[in-house]
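A.B. asks: Here it is, the structure in full.
The values are calculated or read from the model by the stated rules, or taken from the named source; none is laboratory data. Quick caveat: nothing in here was measured; it's all calculated off a predicted structure. Cβ coordinates were reconstructed from backbone atoms using ideal geometry, including for glycine residues, and neighbour counts include every protein chain displayed.
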Amino acid sequence: MKKTYATSVDDHVGAFLAACRTIAGEGLNITRVSYNKAIDEHAIFIEVEGTPEEHATLEAKLASGGFLNRAADGSAAVVMLEFKIPDVPGAVVRVLEVVSRYDINIVYMSSHQQPVPEDGLSYQDYRMGLLAPSDDALARFVDEVSGICEVRRVDAGAEGIFDNTVFYDTFASTLAGYMDIGQAQLDELKINVNLAMQTLAEQHLSPYRTFETIDQFAELLSRYRGRRFAPRIATHQITDDTEITVIEPPAGSNTAIIRSGGDYLFVDTGYACYQEEMLRLYRQLVPGWDTMAKHAFATHADVDHCGLLNLFDDVTMSPLTAESLRLEAEEDTSFREENPLHRPYIRICKILTGYAPTRQDKIRILPAERVQDGSRPLVHTGTFAFGELGFDVYEGAGGHLRGESVLIDYEHHVVFTGDIYVNLHDMTPEQAEYNRAAPVLMTSVDTDRVLAAQERQALFAHLGRGTWFVFPAHGAMKTYVVAEQ
C-alpha cells in the first residue's frame, strides 16, 4: 500500500536527505515527492510504498526524528501586524527582542519610512507576518510591545502574502471549517490539496488558481446547507399513474423520484453532506418515507451520485458500477481515482462531503445480457422494469466513467442519461457556478472527452420519432423532439 507523509523539515542543506535516510533505513521505496518553496518552505510530501506494519514503524521513526512534529490541528496560523516604530537607532531592536522572548517566528517582514509629519518625529512602518506558539502568547506579546510602539493588525490577504511556513496546515483548516471536518481528516485533506496542486502544476496551471478553486468549491458546498438548501423541484406526469419528480440541488447531482402506482424508485442521490436536507425533502415529497421499502438506482459510481445510497434498502446498478463501489469499500482505488488527474479532486470531495462507501449488502447488480467491450460508445446490456416503466439499459464505454448506465423507455419516451448528457443550457445560477469548479480541478469531468461526446451522440441517435422526456443528472429535464423523417 502507498501512504503519503506530510513532513515538516527545516530549511537547511541536508534536511530532505535526513528524511530520506530514515525511509531508506526501513527498506521502503519513495514513489512520489512534492515540494514547492514558494508555497510552503517547510512542507515536503513524500509518498512511500510498504505494508501497514512497515508504515506504522516508519511513522513512529519520522515522528521521533522531528519530521512530523508540526502541529496538524491547524491552530498555528500567521497573523500580520503593523508596527509604527520611531525612526531612531535601536528602536526596532527593542521590538525584535520582545518577539524573541515570546518564541514567535517571523515569516514575513517589510518596512518603509513614513514622510516626516509636522511634529518632526519620523517613523518606520514595519509589517511582520508572525507565527506564535499560541493565541495566548500572541496576546501577551501584543500587550507588551504596545508599550514600545503603536501596533495594529492588518489583513495579510491585502498584501498578497501567502503563509509560506504553515500554508498547508492553515489552508486545510480553512476548508475543514467550512464543513465541520474532524481532526482525523485534516492530514488526508492536506495531502490531497498538495496532490491536486502538484498534478495541475504539471499541466502548467497556476498552483494559486488551484487553491483558490478548491476554496471556492468548499465554500459552495457549505453555503447551501441548512435553510439555504433550496433546490429547484419539478414534477412531470408520464401517465395517469406514473410521475417523475426531479430535485436539483445547488451543488451535486440531481435526484429523480419515480412514483409508479404506490411504489417509488430514486435515481441517484446527491452528496452525503446534504443528508438532513434531502431527508427533509423526501418526507415532504414521499408519503410514508420513514416506513416504506426504499429502492434506488445508481447511474454510475461518482461521489455526487452515490453519497446517500446507504439510506436505501437496495440499490440497483451495472456490474462495473458495483465493481467500482466494491473497490472503494475495500479502500482500494475506485474507477474514478484510477485517473491521476481526477484522484485528488475525488478524495477532497469525499473528505469535504463526509462520503462513506456504499454497503455491499445493499447492492443489486443488473443482469447483463451483453457486456460493454468498448467496441461501440453505447451498448445495449439488458432491461430493467419499474412499475409501468420498462427500460432498455445501455452502458457507455467509459467516456465519463466506466459502468455508466442509460435507461430508455421506448413506450413512454423517458430517458435517464446520468452524466453522459448534462443540460448545461438549463441550470440554475447556483448549479452553473458549482459546475464551473470541477473542470478546473479535474481538467475535465470526463475520463475521455472524445469518447464522452460519441456516447452523447449515440444516446440521442437511439431515440425515435416523437417527444421525449430526457432526465439528465445535472440541469433540468429536457423535452427533446424527434421529427418524422
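A.B. asks: Would you point out which residue out of 437, 432, 458, 453 is farther than 16 Å from residue 335 by Cβ, touching an Asp or Glu at 6+ places or on another chain (Cβ under 9 Å) and assigned to a helix (DSSP H, G or I)?
C.D. replies: After ruling out the rest, the residue left standing is 453.
A.B. asks: To continue, here is another question. So which of 259, 227 ends up being of a type outside the set (A, V, I, L, M, F, W, C), over 30 Å from residue 169 (Cα atoms) and not in a strand (DSSP E or B)?
C.D. replies: None of the other options fit; the residue is 227.
A.B. asks: Right, another one. Is at least one residue of the range 326-342 surrounded by fewer than 17 Cβ atoms within 10 Å (Cβ to Cβ), basic (Lys, Arg) and closer than 22 Å to residue 244 by Cβ?
C.D. replies: no
Residue by residue, here is whether (1) over 19 Å from residue 2 (Cβ atoms); (2) in contact (Cβ under 8 Å) with a residue 40 or more places away in the chain holds:
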site: 321; (1), (2): yes, yes
site: 330; (1), (2): no, no
site: 338; (1), (2): no, no
site: 345; (1), (2): no, yes
site: 361; (1), (2): yes, no
site: 375; (1), (2): yes, no
site: 381; (1), (2): yes, yes
site: 384; (1), (2): yes, yes
site: 387; (1), (2): yes, yes
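A.B. asks: Can you pull out every residue in the range 1-19 that is surrounded by 13 or more Cβ atoms within 10 Å (Cβ to Cβ), touching a helix residue (DSSP H, G or I) at 6+ places or on another chain (Cβ under 8 Å) and at pLDDT 80 or above?
C.D. replies: 3, 4, 5, 6, 7, 19
A.B. asks: Here are some residues: 428, 381, 447. Which one is among the polar types (S, T, N, Q) and out of contact with any strand residue (DSSP E or B) (no Cβ under 6 Å at 6 or more places or on another chain)?
C.D. replies: 447
A.B. asks: Residue 187 - would you say it is in contact (Cβ under 8 Å) with a residue 12 or more places away in the chain, farther than 19 Å from residue 437 by Cα and of a type outside the set (Lys, Arg)?
C.D. replies: The answer is yes for residue 187.
A.B. asks: Name the residues in the range 363-383 that are of a type outside the set (Val, Ile, Thr) and buried (at least 18 other Cβ atoms within 10 Å of the Cβ), would you?
C.D. replies: Passing the criteria: 366, 372, 377, 378.
A.B. asks: Looking only at residues that are out of contact with any Lys or Arg (no Cβ under 9 Å at 6 or more places or on another chain) and closer than 19 Å to residue 122 by Cα in the range 71-87, which one is modelled with the highest pLDDT?
C.D. replies: The selected residue is 86.
A.B. asks: Do we have any residue at all in the range 316-324 that's of a type in the set (A, V, I, L, M, F, W, C), surrounded by 24 or more Cβ atoms within 10 Å (Cβ to Cβ), modelled with pLDDT of 95 or more and in contact with a helix residue (DSSP H, G or I) (Cβ under 7 Å, 6 or more places away or on another chain)?
C.D. replies: No, the range 316-324 has no match at all.
A.B. asks: If the requirement is being touching a Leu at 6+ places or on another chain (Cβ under 9 Å) and either crowded, with 24+ Cβ neighbours inside 10 Å or at pLDDT below 95 (or both), which of these qualifies: 261, 252?
C.D. replies: 252
A.B. asks: Same structure again: State all residues of the range 91-110 that are modelled with pLDDT under 80 and exposed (fewer than 14 other Cβ atoms within 10 Å of the Cβ); if no residue qualifies, say none.
C.D. replies: Passing the criteria: 109, 110.
A.B. asks: Considering the range 405-425 alone, what residues qualify as being of a type outside the set (Phe, Trp, Tyr), more than 16 Å from residue 255 (Cα to Cα), in contact (Cβ under 8 Å) with a residue 24 or more places away in the chain and part of a loop (DSSP other than H, G, I, E, B)?
C.D. replies: Correct list: 412, 413, 424, 425.
A.B. asks: Taking the range 215-241, which residues are at pLDDT 95 or above and of a type in the set (Lys, Arg)?
C.D. replies: The one that is at pLDDT 95 or above and of a type in the set (Lys, Arg): 232.
A.B. asks: Suppose we keep only residues that are farther than 19 Å from residue 391 by Cβ and in contact (Cβ under 8 Å) with a residue 12 or more places away in the chain within the range 283-300. Which one would you say is surrounded by the fewest Cβ atoms within 10 Å (Cβ to Cβ)?
C.D. replies: 293
A.B. asks: Now for a separate question. Determine whether residue 315 is within 26 Å of residue 179 (Cα to Cα) and among the hydrophobic types (A, V, I, L, M, F, W, C).
C.D. replies: no
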